[in-house]
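Q: Have a look at this one.
The values are calculated or read from the model by the stated rules, or taken from the named source; none is laboratory data. Computed from a predicted structure; not experimentally measured. As a convention, Cβ positions derive from the backbone with ideal geometry for all residues, glycine included, and neighbour counts pool all protein chains shown. Heavy atoms of the whole protein, side chains included, go into the accessibility calculation; ligands, DNA and RNA do not. Shrake-Rupley method; radii C 1.70, N 1.55, O 1.52, S 1.80 Å.
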Amino acid sequence: MATLVTLIPGDGIGPSICSATVRILEAAGADIQWDTQYAGMAGVARYGDPIPDETLDSIRRTRIALKGPLETPVGEGFRSINVALRKTFDLYANVRPAHTIVPGGRYEGIDLVLIRENTEGLYIGNEHYIRIGSDPRAAAESIALITRAGSERIVRYAFDHAVKHGRRKVTLVHKANILKYSQGLFLDVGRTVAQQYSSIEFQEVIVDAMAMSLVLNPERFDVIVTTNLFGDILSDEISGLVGGLGLAPGANIGLGGAIFEAVHGTAPDIAGKGVANPGAVILAACMMLEYMNDGERATRIRRALEKTIRDGRTVTRDLGGTASTDQFTDAVIAQL
Ligand code: NAI
């Protein structure tokens, strides 16, 4: 029976790169029935809400979504899209893989995945100003909340991901030498969880050293797990190691559902021109197929995409070619 998946084409280049991806999944024979929904400016245009209840209800039913980039409307009164999705579906794991596709770049042989805790740490939004004398904003305080349960589920997710994908090592990134309580708790929990996975090597690295090691020897890392703020920064760093956001997919996974997307935005400068690179959404769809236990098809699509890119004859402008989104998509389909 076909799997029902919520499709949010999104704004800007979103609809064209999502329809390219749907075409490739169909050509690969994926048994998916799409429930198309709206969010971002498309949601505002239809329902007056960037994250309409209809869209949330659809994901509640399907528990799985493929999402194009969304434009966040400016102005008060609109709900934050990412916060609404994260809260509604408790999307605690942000998964960002990065691997070398085109040889001859600055680095060879990078194949790593960063798993960022998505719901705790410094990003819980517990902040306030502190008045001193007549200055109401003389100081500001932001609270970093780390819980044992939150740490345990993210580190366990990283180890389970390593086991499921045949990876060898999990590197836990922390700053427990300075933040002895919050980061110390994360590290303690990590060590305990690691003992339960004897087949996977466990490594601990302090975040500043990690930032340097990723630039010097990125090929030494495999699965990386870290808290929210560090994960935010390091996930962009690893995208940069393999040539930027154009081919960077991401997944937000939780107990209530899983949402797969490109890391890049709506690319307003090229929207409507038919030249956007659909690669990141295609790779996000491959992550989705793996999540749906259809890893073989994911591998087939990924190989076809990478072969098309390495071949270099029919690639989009951002990859140094002249092909349109449609021509590039046709070339990938021909490689399937
Ligand atoms: P952007 O990622 O949309 O664009 C940055 C640059 O990369 C532009 O030159 C763009 O043409 C290029 N680019 C991005 N994706 C591309 C693709 N698939 N193919 C070829 N070139 C591509 O970032 P920007 O300009 O900062 O943000 C634009 C809008 O996107 C904003 O409204 C922002 O809020 C939104 N955004 C949404 C995200 C999401 O929904 N996940 C993530 C990031 C930004």
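Q: Multiplying the sequence separation of residue 326 and residue 60 by 0.36 nm and subtracting their Cα-Cα distance, what value in nm do you get?
A: Working: separation 266, 0.36 × 266 = 95.76 nm, distance 3.20 nm.
That works out to 92.6 nm of additional length.
Q: Calculate what fraction, in whole %, of the accessible area of the chain sits on carbon and sulfur atoms when a 1.4 Å probe is rolled over the protein chains.
A: Working: 7820 of 15620 Å².
After summing per-atom areas, the C and S share lands at 50 percent.
Q: Report, by chain and number, residues whose modeled amide H sits under 5 Å from the one on residue 36, excluding near sequence neighbours (fewer than 5 apart, same chain).
A: Long-range HN contacts for residue 36: 7.
Q: While we're looking at this one, here's another question. How many Å² of accessible area per residue for the chain, probe 1.4 Å?
A: Computed with neighbouring chains in place, this is 46 Å² per residue.
Q: Right, next: Which value, in debye to the nearest 20, gives the size of the charge dipole of the chain about its Cα centre, when Lys and Arg are +1 and Asp and Glu are -1 at the Cβ? Before the final figure, lay out each step's value.
A: On the way: 34 positive and 39 negative charges, 100 e Å.
That gives the chain a dipole magnitude of about 480 debye.
Q: Sequence gap of 8 or more, or different chains, plus Cα separation below 27 Å: how many lysine pairs satisfy both in the chain?
A: 9
Q: List the trypsin sites (Lys or Arg not before Pro) within segment 249-336 that DSSP assigns to loop and that have no more than 14 neighbouring Cβ atoms inside 10 Å.
A: Details: sites: 273, 297, 300, 302, 303, 307, 310, 313, 317; in loops: 273, 313.
Those that pass, being in a loop and sparsely packed, are 273, 313.
Q: Once you order the gyration tensor axes a ≥ b ≥ c over the Cα atoms, which shape class does segment 230-336 get: rounded for a/c under 1.5, otherwise prolate or oblate by comparing a/b with b/c?
A: Numbers: a/c = 1.78, a/b = 1.25, b/c = 1.43.
It is oblate, given that a/c is not under 1.5 and a/b is not larger than b/c.
Q: Nearest-5 percent of antiparallel DSSP beta bridges in segment 108-227? Write down the numbers at each step before the final one.
A: Details: 6 of 20 bridges.
Of all bridge pairs located within segment 108-227, approximately 30 percent are antiparallel.
Q: Which is farthest toward the positive dipole end of segment 108-227 among 151, 227, 128, measuring Cα position about the Cα centre, with Cβ charges +1 (Lys, Arg) and -1 (Asp, Glu)?
A: 151
Q: Calculate I(q)/I(0) for segment 108-227 by the Debye formula, one identical point scatterer on each C-alpha and no solvent, and give its log10 at q = 0.13, 0.22 Å⁻¹ to two decimals.
A: For the requested q values the scattering log ratios are -0.56, -1.24.
Q: So what's the gap between the Cα centers of segment 174-229 and segment 1-58, to the nearest angstrom?
A: Their Cα centres are 36 Å away from one another.
Q: For the chain, what is the per residue volume of the convex hull drawn over the alpha-carbon atoms, in cubic angstrom?
A: Numbers: hull volume 50.7 nm³, N = 336.
In the chain, the Cα convex hull volume per residue is 151 Å³.
Q: When only DSSP loop residues count, what trypsin sites (Lys or Arg not before Pro) in segment 119-189 have their Cβ near at most 14 other Cβ atoms within 10 Å?
A: Numbers: sites: 131, 137, 148, 153, 156, 164, 167, 168, 169, 175, 180; in loops: 167, 168, 175, 180.
The qualifying sites are 168, 180.
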